[in-house]
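The values are calculated or read from the model by the stated rules, or taken from the named source; none is laboratory data. All values reported here derive from a predicted model rather than from experimental measurement. Positions of Cβ are backbone-derived with ideal geometry, glycine not excepted, and every protein chain shown enters the neighbour counts.
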Amino acid sequence: MARYIGPVCRLCRREGSKLFLKGEKCYGSKCPMETRAYAPGQHGPLQKRRRRTTVYGDQLREKQKLRRTYNILEKQFKSYYEDADRRKGNTAENLLQILEGRLDNVVYRIGFGASRTEARQLVRHKAIKINGRRINIPSYQVSADDVLEVHESAAKQLRVKAALEAAEQRGWPDWIDVDVKAMKGVYKSVPGRAEIASDVRVSLVVALYSK
């Protein structure tokens, strides 16, 4: 399966926004967005000044920003949009709720992984249990009141403990309840748009796909 294997900090710089792809580095002074907040490449510093934006260009950038944040390929992302469009209610909010409900994202939000990539690796390695059952599908949709916990084989890993401690210091979203000592988290409810921290203009993404 095609996947991006280059330096992820370049993606943040390309989109001009922190996508939080590098774990704790994104929260510190070493984040490139703190010192080089311009597009990568030889002429990166000049692009922001010279570039002319179009409606399509803005829509594309917002779509890429959202897709790269959740580390999803184009084909799957489009299927998520189609699913969101079929559901009742606001398509933009539906799309965000589907993305936030992915197992790898919930694992990241709880703090079992320092980044979504690390959270996905934990899921792939069968280190996460949902309601007592091991699930190794990152795109699995978590339901309200599902209980997630780290499997015994991974509970002793230092990276998991460090990620959970860092998440405890930052705090959790209102729609997640976490027991740090037991290494358990509850996906209390599907979050509303106001509860999802995202600076992506999702309405532009919807406009792009609805053409």
- Task: Might you check whether a residue that is over 22 Å from residue 196 (Cβ atoms) and of a type in the set (Phe, Trp, Tyr) occurs anywhere in segment 136-144?
- Result: no
- Task: Please enumerate the residues belonging to segment 103-133 that are in contact with a strand residue (DSSP E or B) (Cβ under 7 Å, 6 or more places away or on another chain) and basic (Lys, Arg).
- Result: 109, 126, 129
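Of the residues 116, 109, which single one is within 15 Å of residue 72 (Cβ to Cβ) and buried (at least 19 other Cβ atoms within 10 Å of the Cβ)?
Numbers: 109 fails: within 15 Å of residue 72 (Cβ to Cβ).
Every option except 116 fails the conditions.
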- Task: Within segment 165-187, count every residue that is part of a helix (DSSP H, G or I), in contact (Cβ under 8 Å) with a residue 12 or more places away in the chain and either farther than 20 Å from residue 121 by Cβ or in contact with a strand residue (DSSP E or B) (Cβ under 8 Å, 6 or more places away or on another chain) (or both).
- Result: 3
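Would you check if there is a residue in segment 199-207 being farther than 30 Å from residue 59 by Cα, out of contact with any strand residue (DSSP E or B) (no Cβ under 6 Å at 6 or more places or on another chain) and of a type in the set (Asp, Glu)? Spell out the reasoning first.
Residues of segment 199-207 that are farther than 30 Å from residue 59 by Cα, as a first pass: none.
Within segment 199-207 (the criterion being farther than 30 Å from residue 59 by Cα, out of contact with any strand residue (DSSP E or B) (no Cβ under 6 Å at 6 or more places or on another chain) and of a type in the set (Asp, Glu)), the answer is no, since none of the residues qualifies.
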- Task: Given the conditions (1) under 25 Å from residue 64 (Cα atoms); (2) assigned to a helix (DSSP H, G or I), report the number of the one that residue 89 does not fulfil.
- Result: (2)
- Task: Look through segment 119-174, keep the residues that are at pLDDT 95 or above and hydroxyl-bearing (Ser, Thr, Tyr), and return whichever of them is surrounded by the fewest Cβ atoms within 10 Å (Cβ to Cβ).
- Result: 143
- Message: Exactly one condition in (1) of a type outside the set (Val, Ile, Thr); (2) modelled with pLDDT under 90; (3) surrounded by 12 or more Cβ atoms within 10 Å (Cβ to Cβ) is false for residue 42; which is it?
- Response: (3)
- Query: For segment 95-144, what are the residues that are farther than 21 Å from residue 175 by Cα, among the basic types (Lys, Arg) and not in a helix (DSSP H, G or I)?
  - Reply: 126, 133, 134
